[in-house]
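The values are calculated or read from the model by the stated rules, or taken from the named source; none is laboratory data. Remember, predicted model here, so these are calculated numbers, not experimental data. For neighbour counting, all protein chains shown are included, and Cβ atoms are generated from backbone atoms with ideal geometry for every residue, glycine included.
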Amino acid sequence: MDRPIGMFDSGFGGLTVARALIDLLPFEDIVYIGDTGRYPYGSKPLSEVRDHARQLAWSLVKDFDAKAIIVACNTAAAAALDELVTEMPVPVIGVIEPGAKALVKATRSGRVGVIGTVGTVVSGAYDRAVARTRVPVVLTTAACPGFVEFVERGQTTGDEIAILADRLLAPVKAASVDTLLLGCTHYPYLARVIGQSMGPSVTLVSSADETAFAARDQLQNSGLLRHTAPNAVEHQFLSSGDVSHFAELGGRLFGPELAQAEPWIASATEQSS
């Protein structure tokens, strides 16, 4: 029970989930790996993303003794969640199912949209997740290549990204959706730009809070939820890329906790897991 919750993402996007988790579960320790040395995931073959996801998940279990794993990346969840759930010796929670449930709950007209990376959209993961809710909605999906790269550079406003948003969001706007799921954990950082492009009548839904609720429920059901913290809570943040950049930009996006970010290096056993 006193072991940490492990999380990973391709970079900074999963920090939105980490913040929601820390706010909801203040007694839990967190270990977060941002795979900034290999981002972005969205344009990579799903088989390659699956390999990265397995490597990161096994590291969280073997190196950090994680009691549960949150795949805080939509592309990685689309590529590897089912395999990780079967393979890992601890509970594994993804962001797609919680997001899909929140999406269909929020709609008024039944016309909903999901935006995500190319990998997530092509995988059909959200089409399947929305179908599993059995709520009769009309779903329109759109890939938004370039959004992640803007966030990873720390650019979340400006004319350049506003023009890109108008172009990429055209399919969901044309479908007259009233609710739009930000199907990439990086996208909440662009919520203002996306909201301005979509207009005030469209509700934006992020999976971060819903994923935190799902994690709480699964930990509770597994008897792993920590209700008190006998010692000081510790949150550890690691990056596979430039740690100074991770700490600086992550600090702006997330908070001062990232000032103590450390490097993450996969061991030989993780590379062959």
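Does residue 179 meet the test of being out of contact with any Asp or Glu (no Cβ under 8 Å at 6 or more places or on another chain), at pLDDT below 95, at negative phi and not assigned by TED's automatic domain parsing to the domain that holds residue 82? In short, no. When the stretch 41-79 is filtered for residues that are touching a Ser or Thr at 6+ places or on another chain (Cβ under 6 Å) and in a loop (DSSP other than H, G, I, E, B), the ones remaining, listed by number, are 41, 42, 72, 73.
Looking only at residues in the stretch 163-204 that are more than 13 Å from the chain's Cα centre (by Cα), of a type in the set (Val, Ile, Thr) and outside any helix (DSSP H, G or I), the one that is nearest to residue 77 (Cα to Cα) is 179.
Of all residues in the stretch 205-234, those satisfying the criterion of being crowded, with 17+ Cβ neighbours inside 10 Å, assigned to a helix (DSSP H, G or I) and of a type in the set (D, E, K, R) are 209, 210. Quick check on the stretch 155-162. Is at least one of its residues surrounded by fewer than 21 Cβ atoms within 10 Å (Cβ to Cβ), more than 24 Å from residue 16 (Cα to Cα), over 18 Å from the mean Cα position of the chain (by Cα) and hydrophobic (A, V, I, L, M, F, W, C)? Checked the stretch 155-162: no residue is surrounded by fewer than 21 Cβ atoms within 10 Å (Cβ to Cβ), more than 24 Å from residue 16 (Cα to Cα), over 18 Å from the mean Cα position of the chain (by Cα) and hydrophobic (A, V, I, L, M, F, W, C). Residue 28 meets all of the listed conditions (1) among the acidic types (Asp, Glu); (2) assigned to a helix (DSSP H, G or I); (3) surrounded by 21 or more Cβ atoms within 10 Å (Cβ to Cβ) but one, namely (2).
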